[in-house]
Every structure is written in structure tokens, then in C-alpha cells.
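Read the figures in this text as sums done on the coordinates, not as results from a lab. Since the structure is predicted, the reported quantities are computational estimates derived from the model, not experimental observations. No Cβ is skipped: glycine too gets one built from the backbone with ideal geometry, and neighbour counts run over all protein chains shown.
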Amino acid sequence: MKIRYVLPVMLAFTSFASAVELHHVIVRKGTDGLDKVPLTISNAGNEGLSCNADFAHWYSAGIATVEPGKSARLELWFDSKTGTFTILNDKRENLPIERLWCGLSGRAYATRAQITLDRADAAGGKRAVSCRVEQDRLACR
């Protein structure tokens, strides 16, 4: 019986504010210190493509659609100090790319193919891939 009364009183005096600690985050803007690395995605298949970028484990966005026989050019930026590729949003804020992938429009996630980015792409100053369907999935090379 005592626990029935003691526990709620103890919880009432517990500081819930200390459970979450908030920090100010500085978002990098612009392209100072970054190298431009354009990415060209060509659609060599017969269906449209939907290309997406994962910026954090909880946030992704569509970055391009590519019709059959067409190409899309994306402006990527590379930070040689951190090895990070980024895309700029409409406020010119840097969105670090965790993963970049394309899939067939309407079923992009189920048919997705990851597009790899590495330091060699940055050193070459560009990256180009061609995507087509192989065994019901997209392949981008």
C-alpha cells in the first residue's frame, strides 16, 4: 500500500526537463570550401525513374525524376575534410547525403538501386550513372 502512495509522490518531484537536453545546431550554408561534383543519372530503360536522397535516418526527399531515354543532372558538393557529399536546399543549406538511390516510378522503394558516391568521384569532378531494369529491379552503373 505504501508504494501506491510513495511512487506517485517521487515521480512528481522528478525533473522531466533534465530527460531531454537540447543543443543549438549550426547548419552550414553555401559552397565555400566545397568541391562541385555534378551527378548525371541516365535512364536507359522503358519506365520512368524516381531518385531520392536520404539525409538522415529519418528524413529523405525526392531529388529527380528521369523519363525513359532522358538524363537528369544534379549538383552535388563534396567536403574533402569530412568526406561528405551534400545537396543544397532552397535556402542554400548543406544537406549531407547518407544514401542516394533511384527506383522505378510508382514502386521506387521496392525496385531501388543505390548510387554509390566516393572520393574518386570527387577527385574526378563528376559522376555519371546509367540505370536500367535487370531481373525486376533497377541497376545503376
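The value of relative contact order for the range 54-141, using C-alpha pairs under 8 Å at least six residues apart, is 20 percent.
Taking label points 7 Å from Cα along the Cα-to-Cβ direction, Ser80 and Lys29 give a separation of 2.6 nm. Around Arg112, under 10 Å between beta carbons, what's the net of Lys plus Arg minus Asp minus Glu among the other residues? Residues near Arg112 contribute +3 overall. Counting only alpha carbon atoms, the long axis of helix 2-13 and the longest principal axis of the chain meet at about 60°.
Available extension along the chain between Ala44 and Ala120 is 25.0 nm, counting 0.36 nm per residue and deducting the alpha carbon span. Electrostatic bookkeeping for Glu75 treats Lys and Arg as +1 and Asp and Glu as -1; over the other residues with beta carbon under 12 Å from its beta carbon, the sum is +4. Taking other C-beta atoms within 10 Å as the exposure proxy, Arg92, Arg99 rank Arg92, Arg99 from fewest upward.
For Lys126, the lysines whose Cα falls under 20 Å of its own Cα, not counting residues fewer than eight places away in the same chain, are Lys36, Lys70, Lys81. Taking the Cα centre of the chain as origin and assigning +1 to Lys and Arg Cβ atoms and -1 to Asp and Glu Cβ atoms, the resulting dipole is close to 200 debye.
Over the chain, DSSP H runs of length four or greater, each weighted -39,500 (n - 2.57), average out per residue to a 222 nm ellipticity of -3500 deg cm²/dmol.
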